[in-house]
Amino acid sequence: MNKKLQVFVSSTYTDLQEERQAAVEAILDAGHIPAGMELFKAGKSQMETIRKWIDDSDVLILILGGRYGSIEEESGLSYTELEYKYAISKNMPVFAIVLEESFLLTKASEKGKNAILEKDHIDKYENFKSYVESKIIKFVINIDQISKEIISHLSSIIKDDDYHLIGWIRGNNSKHSSINFKSLKTFYDNIIIIKSIGYNANQYYMNWISAYSIGVSISQYGKINFNAANIFIIYGLLEYNKDTNDNEQMLTLTRLGADYYQYLINNS
């Protein structure tokens, strides 16, 4: 059975968008499924949602740059720290990519010091960084190293018999064929893909259905949201296949995905 791991990518967001994208591409290249929290609405239930997605993931990868991140009011800690420590409390495999100082300084010179380096919660950032560095980490000096380290580490994890990872299987397997479409629709209605206009996952899915039907190539990824596509993969609605003409990876609709589309049409 072809098992795919769900990999939760944790990081601060605005300062590390390129690094997150590199991580997502590396996870896809390794044949696994990335997940992250930028899809979801903020609010009182944000930590509950984060815990649920980490619970459903197999591995957590942290990308640690120069910022501490948004603070969760109740704990006084950043969401990034809470995600990382929650995964550790669940005995999940965790792995951290830490950006070297030279990498951060280069980014700061290009985008501004305040955009890249912590200025408000320096002590909390330093304490968290020290904690992370006591675990399994890899320092990187440029963005290209991120992909190499993630692919290598995921390969090691999946071969390690000490980890009992559940993973996901293809959408045409019986595990996914019994999905309750009504519950899935309700779930996707609450996942916001495009925050500026409140565009939810079901709307996004319907908008891209024609492209998914014929296949979206990796060269078109600049036009789609990585994490949006991959939450559809998790539930077996989409899958990755190789294009026979040029061996390029294609994102395509599964039979289950087509059935879900018909369900949305009938229940719109």
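Some observations on this one:
- For region 69-130, the helices (runs of 4 or more DSSP H) that sit wholly inside it and include 3 or more residues that are over 22 Å from Phe8 (Cα atoms) and of a type in the set (D, E, K, R) are 101-111.
- The set of residues from region 25-39 being open to solvent by 10 Å² or more (accessible area, probe 1.4 Å) and at pLDDT 80 or above comprises Glu25, Asp29, Ala30, His32.
- Unique residue being modelled with pLDDT under 80 and either farther than 14 Å from Tyr261 by Cα or open to solvent by 30 Å² or more (accessible area, probe 1.4 Å) (or both) when the list is Ile141, Ile158, Ile234: Ile234
- Residue that is modelled with the highest pLDDT [pool: residues in region 170-200 that are assigned to a loop (DSSP other than H, G, I, E, B), open to solvent by 30 Å² or more (accessible area, probe 1.4 Å) and touching a strand residue (DSSP E or B) at 6+ places or on another chain (Cβ under 9 Å)]: Asn190
- Qualifying residues in region 50-106 (those that are of a type in the set (D, E, K, R) and crowded, with 22+ Cβ neighbours inside 10 Å) - the one nearest to Gly167 (Cα to Cα): Asp58
The values are calculated or read from the model by the stated rules, or taken from the named source; none is laboratory data. This one's a predicted model, so the numbers in the text were calculated from it and none came from an experiment. Note that we place each Cβ from the backbone using ideal geometry, even for glycine, and neighbour counts take in every protein chain shown. SASA here: full protein model, heavy atoms, side chains in, ligands and nucleic acids out. Shrake-Rupley method; radii C 1.70, N 1.55, O 1.52, S 1.80 Å.
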